[in-house]
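These notes are about the structure you will find just below.
The values are calculated or read from the model by the stated rules, or taken from the named source; none is laboratory data. Model, not experiment: these values are computed from the prediction. All Cβ positions, even for glycine, are placed from backbone atoms using ideal geometry, and neighbour counts span all protein chains on display.
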Amino acid sequence: MWRGFNILPHDTKLDFVGKRRIAAIASAIFLLASVGSLFTQGLNLGVDFAGGLLLEVRTEGPADVGQLRDKLGGLGLGDVAISSVGDSGRDVLIRVARQGGGDGAQTAALELVRQALGEEVEYRRTELVGPKVGDELKEDGAMAIGFALLAIAAYIWFRFEWQFALGALIALIHDVIATLGLFSLLQVEFNLTTVAALLTIAGYSVNDTVIVYDRVREELRRYKAMDLPDLVNMAMNRVLSRTILTSGTTLLAVLAIFIFGGDVLRGFAFALIWGVVVGTYSSIYVATPLLIQFNLRRGTDEEEEGDVPARFTDSGRAGSSAAPGDFGAGMDANKPAQKLAAERLAQAKEQARAEGKAPPPKDRGKGRR
């Protein structure tokens, strides 16, 4: 029977937990550099946040972005960003930095741009983004990111234990600060599409973290006597192939957007590329090792021996509920779901016969005597 595609052997024994201190030092150094850059040189805010002029024009023939850049670059208006939009090759988006001197200066800058472009272009959109609108967009973007992180942490707290929720929240904050820091260090333009990329990064990172956490929790039920560091290491090795495949295919798709998406999507794609890398890293070296730091415990004996709700494992199969006595502990999780359920049902019947009890009513067929 075909069991899926794996790029790594099933018995990998990489020591992730043993490298957690080195990873913690590396993360601390990069986060300190990121925070320092954010406080010293800040972000290279685009027109969406800093204010300025935004024009969308259409040329009569294929747009020559280089020629347009030469025309507008000598006007003394500061930063002027020009990029092609759409598939026609005729639409161009022009961003001009906000001018000092109030609204009158912005109107004068708009007239200069119109004179430089002449009558050869069609003005499809003209927007003047003031400082008040830019500040409101900053606040809304920060609130969106903050609420998203809190909602994700609340969901994980509801589904797992508090150690899992706190570890995931710290990993998400790590990813957001690392992304903001990279944009600050490289002075890549930060705009509303970058905020959308940050929210996407948070969702992608927590999805990867939940997969690892679910395997850790499954192994906690199966190997109750194993030391927690060894168990966490084993769980991460068992989902490593899936993590590499998922991250690799996502990275290929985002790279295609970065290369062929044009200037408008380049900042968004750049943030996603970095987010996939740092999100995968944080799931392995930030979120999961924190479970050891928080001294995650296996719960009480009553919880271990009670009914366990069905959950989906990392391979997409549902784990069956454990009957009293935990008769399913130690079974191979890689077996097909139907075979696993049949074996557990047989063990339950055998246990019931040994205790002198009849099988549960739900196991009896209508025609059985």
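Does Leu75 count as more than 26 Å from Gly248 (Cβ to Cβ) and not assigned by TED's automatic domain parsing to the domain that holds Pro289? Yes.
Rundown of residues vs (1) in contact with a helix residue (DSSP H, G or I) (Cβ under 9 Å, 6 or more places away or on another chain); (2) not hydroxyl-bearing (Ser, Thr, Tyr), yes/no style:
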| position | (1), (2) |
| --- | --- |
| Ile29 | no, yes |
| Ser34 | yes, no |
| Gly46 | yes, yes |
| Gly66 | no, yes |
| Lys71 | yes, yes |
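Apart from one condition, Glu111 fits all of (1) loosely packed, with under 15 Cβ neighbours inside 10 Å; (2) part of a loop (DSSP other than H, G, I, E, B); the exception is (2).
Scan the stretch 62-78 and give yes if some residue there is closer than 21 Å to Leu112 by Cα and in contact (Cβ under 8 Å) with a residue 60 or more places away in the chain, otherwise no. No, the conditions are met nowhere in the stretch 62-78. Is it the case that the stretch 235-254 has a residue that's in the same structural domain as Asn191 (by TED's automatic domain parsing), on the phi < 0 side of the Ramachandran plot, among the charged types (D, E, K, R) and modelled with pLDDT of 80 or more? Yes, there is a match, as at least one residue in the stretch 235-254 is in the same structural domain as Asn191 (by TED's automatic domain parsing), on the phi < 0 side of the Ramachandran plot, among the charged types (D, E, K, R) and modelled with pLDDT of 80 or more.
What do you reckon, is Asp208 among the acidic types (Asp, Glu) and either more than 25 Å from Asp48 (Cβ to Cβ) or free of Cβ contacts under 8 Å to residues at least 40 places away in the same chain (or both)? It is true that Asp208 is among the acidic types (Asp, Glu) and either more than 25 Å from Asp48 (Cβ to Cβ) or free of Cβ contacts under 8 Å to residues at least 40 places away in the same chain (or both).
Considering only residues in the stretch 45-70 that are touching a strand residue (DSSP E or B) at 6+ places or on another chain (Cβ under 6 Å) and assigned to a helix (DSSP H, G or I), the one that is modelled with the lowest pLDDT turns out to be Val47.
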